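These notes are about the structure you will find just below.
The values are calculated or read from the model by the stated rules, or taken from the named source; none is laboratory data. Here the structure is a predicted model, which means the values were calculated and not measured. FYI the Cβ positions are ideal-geometry reconstructions off the backbone, even for glycines, and counts take in every protein chain you see. Only protein heavy atoms, including side chains, enter the accessible area calculation; ligands, DNA and RNA are left aside. Shrake-Rupley method; radii C 1.70, N 1.55, O 1.52, S 1.80 Å.
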Amino acid sequence: MPTEVAPLRRKPVQQRSAQRVEKMLTACAELVDEVGYDGLTTTLIAERAGVAVGSLYQFFPDKRAVVQELTLRNLDRFMSMLADRFEGAHWAHWWDAVDTVFEVYMTMHREAPAFSRLHFGDVVDLRLLDETKDNNAVIADKLTTFIGGEFGMDLDRLATPLSVAVEAADAVLHMAFRNDSNGDPALVAEARELVRGYLSSRLGDEPQPNDLPSPR
């Protein structure tokens, strides 16, 4: 993913160094789930990872950089999961692809360590993923390319509606997971309906399968 962000001071070259960095990221994710970002410190990360704090500073300047690298890897995982689901799929309508995005996002919330606390980094910095644009804009750009490519849709026409949809879905899904670690089913359904209704109003002339009911 092209990005202006470079949280690592240096890339681990040797396998031993790479393993230490992985331990730090795993420890960071565990601690974020336990104490949140505000309670996180580099000392806690080093202790949990079983490394000297000086070793952590060889790769990361501060706790923000560790969380930044963790968030970038979560984004890579999210896009990789989407790519796996998109590969070989034959969908009749763009909504099938949007529904898949929801499913993968929900899986990330439930399975990816610290994702339910960090999401795509907004709790730390609105531009954690890329210094030149908001985190949601990075996600929207990626989804525009994915969905536009799958359905042969004009990317310029798709970009603004998907950007708005991402912002709207993000707000409602935050509500859904605020008091329910699995996501409040009613609020998740509202997020889906909100996105579907909005995108249908903007992309309604695209072909729709007969078995999909019209949005409210």
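A few notes on this one:
- Entry for semi-axes √(5λ) of the Cα gyration tensor in Å (calculated from the structure that is shown) out of (1) 35, 18, 14; (2) 32, 23, 18; (3) 33, 19, 14: (1)
- Angle between the chain longest axis and helix 15-39 axis [Cα atoms, degrees, rounded to 10]: 70
- Cα-based helix-to-principal-axis angle, 135-151 vs the chain, degrees rounded to 10: 50
- Per residue value of the accessible surface for region 35-165 (all protein chains in place, 1.4 Å probe), Å²: 43
- Solvent-accessible ranking of Ser201, Ser116, largest area first, probe 1.4 Å: Ser201, Ser116
- Value of [θ]222 nm, deg cm²/dmol, for the chain, DSSP H segments ≥ 4, -39500 (n - 2.57) each, nearest 500: -22500 deg cm²/dmol
- GluC sites (Glu not before Pro) restricted to region 103-200 and DSSP loop, no more than 15 other C-beta within 10 Å: Glu131
- Look at the dipole of region 83-170 built from charges on Cβ: of Phe102, Val138, Phe151, the Cα furthest out on the positive end belongs to Phe102.
- Net lengthening on full extension, Glu30/Arg202 (0.36 nm per residue, minus Cα-Cα): 57.8 nm
- Cα-based shape type of region 118-184, given that a ≥ b ≥ c are square roots of the gyration tensor eigenvalues and the cut on a/c is 1.5: oblate
- Label-to-label distance, Tyr57 versus Thr145, with points set 7 angstrom from Cα along the beta-carbon direction: 3.7 nm.
- Net charge of neighbours whose Cβ lies under 11 Å from the Cβ of Ala140, counting Lys and Arg as +1 and Asp and Glu as -1: -2
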